[in-house]
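What follows is one structure encoded as structure tokens, with my remarks underneath.
The values are calculated or read from the model by the stated rules, or taken from the named source; none is laboratory data. Just so we're clear, the structure is a prediction, and the values are computed from it rather than from any experiment. Neighbour counts are summed over all protein chains in view; Cβ atoms, including those assigned to glycine, are modelled from backbone coordinates with ideal geometry.
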Amino acid sequence: MRNLKAVILAAGMGLRLRPRTQKVPKGFLEVDGKTLLERSFLALKQAGIAEVVIVVGYLHEMIQTRLGDNFLGMPIRYVYNEEYATSGSMNSFLKAKAVIGDSAVLLLESDLLYDAKCIDLALCSPYRDVMLVSPLSGSGDEVYVCADQRNQIRALGKQLSDDQKRQACGEMMGISRFSADFLKHLFKTAEDDYARGEYLYHYEECVIRATTAALPVYILPTDLQWIEIDREEDLKRAREIIYPLMVK
């Protein structure tokens, strides 16, 4: 798609999946014989995405060696976050700023298993800035999302108040689309934080602070199957429950 890049955040160490992730990054965990990253590439190719940027850190050599500079006919540009062990996912996203340029971005996390139709949903939304939101999973690790009657995000995060959690419309899925205008504001917000020495936070925490009346981010509700794989029980659920539902 013209003037849109897919950015995959793949720098994390996957500490909660040790010892499984001591030798492989989370993106190379397999479900039914295919890695999570391979599944994302297949979905992106099917959706017509031509440019992919992967932000790497932990075990970056393995990722770059296995995927190469071109995977499934899709050229890949790598960005290395040398601070992957001491910073959050917003720092990884910010590292890709120069490569992104003035493009819009389809943002993905590398540890997701999801129905490929999620990509089409994000790309076809009439809104310029959207985050896919699912019903609450009850996993105990949700990123809660609160939105107003216009479907504009008003609160976002794991550490919301009990009242906000009760009002949440769902949880963030880790699949988003951001316009070039919003990205400029998002990256400026992060750069200002980093100038004050604040590095340890995730991109969704910056997204909610960068959201303004002029640059709203909308929820895109869906009940398509998905799961983020952070823990051993997530991987078990992905293989035994979510994937069978996806191919049913």
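Just a few scattered comments:
- For the stretch 127-167, the set of residues classified as among the aromatic types (Phe, Trp, Tyr) and either assigned to a loop (DSSP other than H, G, I, E, B) or more than 22 Å from Leu183 (Cα to Cα) (or both) consists of Tyr127 only.
- Candidate set: the stretch 214-248, residues that are among the β-branched types (Val, Ile, Thr) and part of a strand (DSSP E or B); chosen: the one nearest to Ala43 (Cα to Cα): Ile227
Residue by residue, here is whether (1) under 15 Å from the mean Cα position of the chain (by Cα); (2) of a type in the set (Phe, Trp, Tyr); (3) at pLDDT below 95; (4) surrounded by fewer than 20 Cβ atoms within 10 Å (Cβ to Cβ) holds:
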position	(1), (2), (3), (4)
Lys97	no, no, no, yes
Tyr114	yes, yes, no, no
Val133	yes, no, no, no
Asn151	no, no, no, yes
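- Tallying residues that are over 14 Å from Leu113 (Cα atoms), β-branched (Val, Ile, Thr) and under 16 Å from the mean Cα position of the chain (by Cα) within the stretch 6-48 yields 1.
- Filtering the stretch 168-185 to residues that are in a helix (DSSP H, G or I) and either more than 15 Å from the chain's Cα centre (by Cα) or of a type in the set (Lys, Arg) (or both) leaves Ala180, Asp181, Phe182, Lys184, His185.
- Pair list, Cβ under 6 Å, 6 or more apart: the stretch 10-30 residue without any contact (Cβ under 8 Å) to a residue 60 or more places away in the chain, other residue of a type in the set (Gly, Ala, Ser): Thr21/Gly14
- Number of the condition not met by Glu83 [criteria: (1) touching a residue at least 40 places away in the same chain (Cβ under 8 Å); (2) farther than 24 Å from Val247 by Cβ; (3) surrounded by 15 or more Cβ atoms within 10 Å (Cβ to Cβ)]: (3)
- Complete set of residues in the stretch 187-213 that are in contact (Cβ under 8 Å) with a residue 60 or more places away in the chain, in a helix (DSSP H, G or I), surrounded by 15 or more Cβ atoms within 10 Å (Cβ to Cβ) and of a type outside the set (D, E, K, R): Phe187, Ala190, Tyr203, Cys206, Val207
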